[in-house]
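Values in this text are rule-based calculations from the coordinates and carry no lab data. Fair warning: this is a prediction, and the values are worked out from it, not measured in the lab. Cβ atoms come from the backbone with ideal geometry, glycine included; neighbour counts cover every protein chain shown.
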Amino acid sequence: MVKPFMPQLVYFEPKAMEYPLGEQLFQKFTDLGTEIRYTTSHNQIRNLPGENDFQRYRIAKSTLVVGLRKTLKFDTSKPSAEYAIPFATGCMGHCHYCYLQTTMGSKPYIRTYVNVDEILQAAQQYIDERTPEITRFEASCTSDIVGIDHLTHTLKRAIEYFGQSDFGRLRFVTKFNTVDHLLDAKHNGRTRFRFSMNAEYVIKYFEPGTSRLHERIEAAAKVAHAGYPLGFIIAPIYLHEGWQEGYRQLFEQLSAELPDEAKNGVTFELIQHRFTKPAKRVIQKNYPMTKLELDEERRRYKWGKYGIGKYIYPKEEETEMKETLFKYIETYFPEGKIEYFT
Ligand code: SF4
């Protein structure tokens, strides 16, 4: 069982203290006796404790930087939403395959942004530009936002903001079960709460530092009882010995433990495992003992953005994987909706 995240070290950027959330967090960590440091900007953080890259990487993942989101231009976030909404960056989890390892490079610490109102105002402008079309915002493109929200309650504010919005919708995904404070948020059915699920094998070997399967299922049931639209992202779908049975058990267990009313309209997003060459190098450096199979010869190359292609499963395996999982969803969640497979 993973305990709710608590940073070992917290940095504050100077302007953060001018915002109520910055002040609250400062008070909280002072009361807890957490080591606090100051930095003019997160970019200036150079002297994290640790004797080598391996140790520094682990310490960085339990370091929180409290600062401001300066860029209020949002990235697009296809296929699950129109835009990525940035409340935090980085994650305390240690999933071997996580793409944040590549995107965050040498700065894997967790940043939380205290100028939440400004971020929500920026979202409002995007909503207004598209009205009367619905605009969806994905809050988990750059972090696992639920994993730190018990400390900040930023997500809770956002859920309630979108709860009042006619044309804006929020969605996010998590591997953490720290959901209790979100259960009474006034979501008005406008936030889709998704959990990242996988076969036991994948969670056991490749997702250290995150909530275990039964904890995620338990959390999903609570979220369903709280009336949120529910979804599951099955990712990365990874072929391993006994994968058919592993994924079958996953759907069977999910279906057995969720309340019936939650199954109607539950969404599924299916993403097969992929890696890029730069990602492979970082994974092998950060998790040298990983069992994750990263053999280009056993994969199919797919051209990607910015010339960085990714390695996905060969066509035949991809088809088998897709058909198998679609069949399980049809069997265990006949009222469910598959949003995409990629
Ligand atoms: Fe990455 Fe998500 Fe795992 Fe965090 S929980 S390390 S964001 S895959």
Sort through Ile45, Ile36 and tell me the only one that's touching a helix residue (DSSP H, G or I) at 6+ places or on another chain (Cβ under 8 Å) and of a type outside the set (Phe, Trp, Tyr). Ile36
Taking only region 53-98 into account, find how many residues are under 18 Å from Ala235 (Cα atoms) and surrounded by fewer than 17 Cβ atoms within 10 Å (Cβ to Cβ). 2
Which residues, counting only those in region 42-81, are more than 16 Å from the ligand (Cβ to nearest atom), under 20 Å from Tyr287 (Cβ atoms) and of a type in the set (Gly, Ala, Ser)? Gly50
Filtered residue count, region 174-220, keeping only those that are not in a loop (DSSP other than H, G, I, E, B) and not acidic (Asp, Glu): 22
Return a yes/no flag: does region 85-107 have any residue that is part of a loop (DSSP other than H, G, I, E, B), under 19 Å from Ala123 (Cβ atoms) and without any contact (Cβ under 8 Å) to a residue 60 or more places away in the chain. yes
Qualifying residue in region 225-237 (condition: over 15 Å from the mean Cα position of the chain (by Cα), within 28 Å of Thr76 (Cβ to Cβ) and within 15 Å of the ligand (Cβ to nearest atom)): yes
Answer residue from region 120-172, given it is farther than 25 Å from Met104 by Cβ and part of a loop (DSSP other than H, G, I, E, B) and is farthest from the ligand (Cβ to nearest atom) among those: Pro132
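May I ask you to list the residues in region 183-194 that are closer than 18 Å to Glu218 by Cβ and surrounded by fewer than 23 Cβ atoms within 10 Å (Cβ to Cβ)?
Leu183, Asp184
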Please determine, by comparing only the residues of region 298-322 that are of a type in the set (Lys, Arg) and under 23 Å from the mean Cα position of the chain (by Cα), which one is farthest from Phe341 (Cα to Cα). Lys305
So, first residue free of Cβ contacts under 8 Å to residues at least 40 places away in the same chain in region 149-164, second residue buried (at least 18 other Cβ atoms within 10 Å of the Cβ) and of a type in the set (Gly, Ala, Ser), Cβ within less than 6 Å, six or more apart or across chains; the pairs are Lys156/Ala185; Ile159/Ala185; Glu160/Ala185; Phe162/Gly168
Does Gly50 fit the bill of being out of contact with any Phe, Trp or Tyr (no Cβ under 6 Å at 6 or more places or on another chain), within 30 Å of Arg136 (Cα to Cα) and not in a helix (DSSP H, G or I)? no
Would you pick out the residues in region 67-82 that are in contact (Cβ under 8 Å) with a residue 24 or more places away in the chain and over 26 Å from Lys15 (Cα atoms)? Ser77, Pro79, Ser80, Ala81, Glu82
Scanning region 82-108 residue by residue, those more than 13 Å from the ligand (Cβ to nearest atom), hydroxyl-bearing (Ser, Thr, Tyr) and within 17 Å of the chain's Cα centre (by Cα) turn out to be Tyr83
